[in-house]
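Rule-based calculations on the coordinates, nothing more; no lab input. Given the structure is predicted, the values throughout are model-derived calculations rather than measurements. FYI the Cβ positions are ideal-geometry reconstructions off the backbone, even for glycines, and counts take in every protein chain you see.
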């Protein structure tokens, strides 16, 4: 697995948590929620190719048996 993917996910997590804290303290709960949602969607788009590869590998493995 690519170490840079893990580092990018960690950086996004840190940034989203900082933005959430700032937005919640300024009574912008809706924007805090949208920030969390945007971070989640961004990370999911980065992970989708790896999940697809995992399912493909599992399918190939069971078709060999």
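Quick notes on this structure:
- Calculated mean residue ellipticity at 222 nm for the chain: -32500 deg cm²/dmol, from DSSP H runs with n ≥ 4 weighted as -39500 (n - 2.57), summed, divided by the residue count and rounded to 500.
- Highest mean packing comes first when the peptides 11-20, 42-51 are listed by Cβ atoms within 10 Å, giving 11-20, 42-51.
- The slack between residue 2 and residue 62, meaning 0.36 nm per residue of separation minus the straight C-alpha distance, is 19.1 nm.
- Between helix 3-25 and the chain: long-axis angle, C-alpha atoms, 0 to 90°, nearest 10: 30 degrees
- Compared with the dominant Cα axis of the chain, that is its longest principal axis, helix 29-64 is turned about 10°.
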